[in-house]
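Any read-out appearing in this document is the output of simple, stated calculations on the displayed coordinates, not a laboratory observation. This structure is a prediction, so every number in the text was calculated from the model and none was measured. Cβ atoms come from the backbone with ideal geometry, glycine included; neighbour counts cover every protein chain shown.
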Amino acid sequence: MSKRNITGVKTGDTNAKKTKHWSLGLLESMKDSNSVVKSTDKLVVIRDKYPKAKIHYLVLPQDDITNIYKLNKAHINLLEEFGNIYKQLQEEETYSLKAGFHAVPSMFRLHMHIISKDMISPCLKTKIHWNSFTTAFFLPYEDVLKEIKLNGSVKKVSHEQHKALMATELQCNQCSYKPKNMPQLKEHLLSHS
DNA sequence: GTTCTAGAAC
DNA sequence: GTTCTAGAAC
């Protein structure tokens, strides 16, 4: 029996092959000049490899911060720089953007999504994709900053809450339309553009 | 996070 | 019969 640890190194395997685990993919993208949009001494902006809207960037710190649950009051300056980049990108862009974090991120290194509200993309495929940007699973940048300033940390979402949010029935983010399935939602989104 | 695909839903 | 979703991935 062979298991795979988080570093992507197969263990219990006689000729263990070194392969990068998918959850570390953002660290690779940060070093890839084709992905990087801009960078400063504190942060890097990359294009999301599988964009879920016409515009979809990720903002990551240069420092090795695992996720939002590692944030504290010492990171307020960093978060404010995240906000400045968000403002800057919005000024450069005609599409309306929103910025925020996933309550339960799948990949390592803290990352803030900056995504346009159209949600039109071939990479948007599942209910989970939809609900991670359109329910309370998406923690708006402003809310996270406020929470850090007030409490010094982000409150964790319970497993039950997480499950409930992902199971939320499909609901258009721009009107009251409730599609029966993903293809119907994707078709409907085109009518808003 | 994605890909693949079995079986549910239609 | 086709479309769509959801769970495994060694």
With a/c under 1.5 counting as rounded, go ahead and sort the stretch A:72-177 into rounded, prolate or oblate using the C-alpha gyration tensor (a ≥ b ≥ c being the square roots of the eigenvalues; past the cut-off, prolate if a/b is larger than b/c, else oblate).
oblate
Give the aspartates and glutamates reachable from A:LYS155 as a straight Cα distance under 13 Å; neighbours fewer than 8 places away on the same chain don't count.
A:ASP143, A:GLU147
Of the residues A:ILE114, A:ILE68, A:ILE128, which exhibits the maximal mean-square fluctuation in a Gaussian network model of chain A defined by a 10 Å Cα contact cut-off?
A:ILE128
Label model pair A:TYR69, A:LYS54: point-to-point distance (7 angstrom along the Cα→beta-carbon line) in nm is 3.7
Extended-chain gain in nm, criterion 0.36 nm per residue less alpha-carbon gap, A:ASN84 and A:SER96
2.7 nm
Chymotrypsin sites (Phe, Trp or Tyr not before Pro) lying in DSSP loop within the stretch A:92-193, provided at most 15 other Cβ fall within 10 Å
A:TYR95, A:TYR177
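Would the stretch A:3-190 count as rounded, prolate or oblate if I go by the C-alpha gyration tensor, calling it rounded below 1.5 in a/c and otherwise prolate when a/b exceeds b/c, oblate otherwise?
Note, shape of the stretch A:3-190 comes out rounded.
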Under unit Cβ charges (Lys, Arg +1; Asp, Glu -1), what dipole magnitude, rounded to 20 debye, does chain A have relative to its Cα centre?
740
Sparsely packed GluC sites (Glu not before Pro) within the stretch A:54-124, loop by DSSP, other Cβ within 10 Å at most 16
A:GLU93
